[in-house]
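Chemist: Okay, handing you the structure first.
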Amino acid sequence: MQSKFAKPARWILSGAVGVAVLAWFGWPRAIPVDLATVTKGPMEVTVDDDGRTEVRHVYAVSAPIAGKLLRISHPAGFQGISRHVGDQVTANETVVAVMQPMQPGFIDVRSREQLQAEVAAADAAVKQAEVDVSRLQSVLDLSRIERKRADALAPSKSISAQDYDRVRFNVATNEAALASAKAQVEVRRRIRASLAAQLADPAHASSRSDSGCCIELRSPVTGRILKILQDSEVVVPAGAPLIEIGDPLDLDVVADLLSSDAVKINTGAPVRIDGWGGPPISGRVTRIDPAGFLKVSALGIEEQRVHVTIDFVDPPQAWSRLGHDYRVVVHVTTWSAKDALTVPVGALFRQGDDWVALVVRSARARTTLVQVGHRNNRTAEVLSGLSAGDHVVLHPSDRVSEGTKVAEREIR
C-alpha cells in the first residue's frame, strides 16, 4: 500500500526537474566568436592595381614604300628569309623582311578599249613623225647639192655673196629640222610604249617582277622579334608597321592607377610586384605621368587613370621569365612603419562618427572607442583606445553587444 505522501512527492520532484531544465536552457550562455589580438609590428599602406610589363624601347620596322611584302614566317626547311617571334636579330645585319614591287591592277573593259585606241593613235603619230623625217631628209639632201654647186661657183665670182650665204643657211636649217624630227619620232615611240605598258596583264607582269629587284629590310637594333604584325604575303602601303623588335631584358612595369591614388605616390616609392606566376619582385617608382586619361572599366564606369612607370630593383635572374606585355599586380607603398600598433579592420565598426571595437575582458565584450590612423586592406593603425595583447571580436554579429558573454570559437 502506497503512502498518501508518495504521489505529491513525485509531483514536487517532477516540477523541480522541469524548473532545473528550464533554468539550464534559459541561463545566458557564452556566444562563440572569432577573436584577434592587437599586436605591434611592421605595417604598410599600399595602392594595389593591375600592371603590365613592357620593353622600354620597342622599334617598329615599317614599309619604306608601298609594295608587296613577302611572307616573313615560313615552315622549317624553307630556303630563304624566315623569321619568327623570339628570334635573335643584330642591328643593321639581320634581314627581317623582303619587299617586291606591286603588281599592276586589272583593267576594266572600257579602260582597256580606251588604252588600245590611244596606242593606235600613238602608232599613227609615230608613222607621221617618220614621214616628216623622210621629207626633211629629202629637203636636206637637196640643200646639200645646192651648196656643192655654190661651192664650185664661189671661186669664180659666178654667185653673189648673198646667194651663197642663203644656200649655206638652208643647209644648216634643214639639218636642225631633221634632228628635231628624229627626236619627235623617239618621243612618239616612248609615248606609245608608255600606253602599251598600261595594257600589261597582271599575270604576265607578276612573272617578270618575281625575278626583279627587291628591298631587304634590316633590323635597326640588336634584340629579339617581339611581334610580327604582317606575317603573310600582302600588299602594304608606305609606312605600314611590319615587325616590332626590342630587348626582353630591358623591361619595366606600367600600371594605370586611379588619379586619386596616383597623387598619394612619390617618385622612388617601393613597390612589391606579384601575381605573375612567380615569387614577389621588388620594384621602385621611376615616373608618374603629369597627364591622365579617361578609361572605361569593365563595369562601364568612366575613370581618370594615370600612367605610373616602375623599374625592377631585383636582379634580372628574379624576373627573366617575364616578357613583353605580361600581366602583373603592383602594390605601391604610400606609407610604412616598422613598429606600429595594429588591429584587423574586421574588428572595427562605426558608431556614429567614431570607430569602436569590442574588446573581450573577463569573458565579456566591452565597447571601446578607437582612434584609427592609417589603414590598408587587412589592418589599421591604432593611435589610442587599444593596447598590445588586447583580444577583440572579429566581425561581431548583432547578437554581440556591450556586456555580452563571449567565448572564442573552436576551430574544427
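Chemist: Assuming 0.36 nm per residue, please report the length gained on full extension of the stretch L199 to R364 beyond their Cα-Cα distance.
Modeler: Details: separation 165, 0.36 × 165 = 59.40 nm, distance 10.08 nm.
Contour length minus Cα-Cα distance gives 49.3 nm.
Chemist: Follow-up. Which of the peptides 296-307, 324-335, 115-126 is most tightly packed, and how do the rest follow, judged by the mean count of other Cβ atoms within 10 Å per residue?
Modeler: The packing order, highest mean first, is 324-335, 115-126, 296-307.
Chemist: Relative to the longest principal axis of the C-alpha atoms of the chain, give the angle of the C-alpha long axis of helix 161-197, reported between 0 and 90° and rounded to the nearest 10°.
Modeler: The two axes meet at around 30 degrees.
Chemist: Compute the distance in nm between two label points, each set 7 Å from the Cα along the Cα-to-Cβ direction, one at R189 and one at R56.
Modeler: It works out to 6.3 nm between the two label points.
Chemist: For segment 319-412, evaluate the Debye formula with one uniform point scatterer on each Cα (no solvent term) and list log10 I(q)/I(0) at q = 0.17, 0.19, 0.24 Å⁻¹, rounded to two decimals.
Modeler: Here log10 of I(q) over I(0) equals -0.78, -0.91, -1.29.
Chemist: On each of the three principal axes of the Cα atoms of the chain, give max minus min coordinate, whole Å, ordered largest first.
Modeler: Extents along the principal axes, in whole Å: 192, 57, 47.
Chemist: Treating the angle as unsigned and between 0 and 90°, give the value, to the nearest 10°, between the Cα long axis of helix 6-26 and the longest Cα principal axis of the chain.
Modeler: Long axis of 6-26 versus the principal axis of the chain: about 30 degrees.
Chemist: Sticking with this one: Could you check the simple spin-label distance between Q371 and L115, using points 7 Å along Cα→Cβ, in nm with one decimal?
Modeler: Computed distance between label sites Q371 and L115 equals 9.0 nm.
Chemist: Summing Lys, Arg as +1 and Asp, Glu as -1, what charge do residues with Cβ under 14 Å from the Cβ of V96 carry, V96 excluded?
Modeler: 0
Chemist: Another one. Taking the Cα-to-Cβ direction at V85 and at C214 and moving 7 Å from each Cα, how far apart do the two end points lie in nm?
Modeler: 2.4 nm
Chemist: Mind checking the full-extension length gain between T222 and F293? Use 0.36 nm per residue of separation minus the Cα-Cα distance, one decimal, nm. Don't skip to the answer; put the middle values down first.
Modeler: Details: separation 71, 0.36 × 71 = 25.56 nm, distance 3.31 nm.
Extending this stretch completely gives an extra 22.2 nm.
Chemist: Angle between the Cα long axis of helix 109-153 and the longest principal axis of the chain, 0 to 90 degrees, nearest 10?
Modeler: The angle comes out near 30 degrees.
Chemist: Give me the base-10 log of I(q)/I(0) for segment 109-199 at each q in 0.14, 0.16, 0.20 Å⁻¹, Debye formula, one uniform scatterer per Cα, rounded to two decimals.
Modeler: Cα-only, vacuum Debye calculation for segment 109-199: -0.62, -0.70, -0.87.
Values quoted throughout were computed directly from the atomic coordinates according to the rules given, and no laboratory measurement underlies them. Worth saying up front: this structure is predicted, and the values here are computed from it rather than measured. No Cβ is skipped: glycine too gets one built from the backbone with ideal geometry, and neighbour counts run over all protein chains shown.
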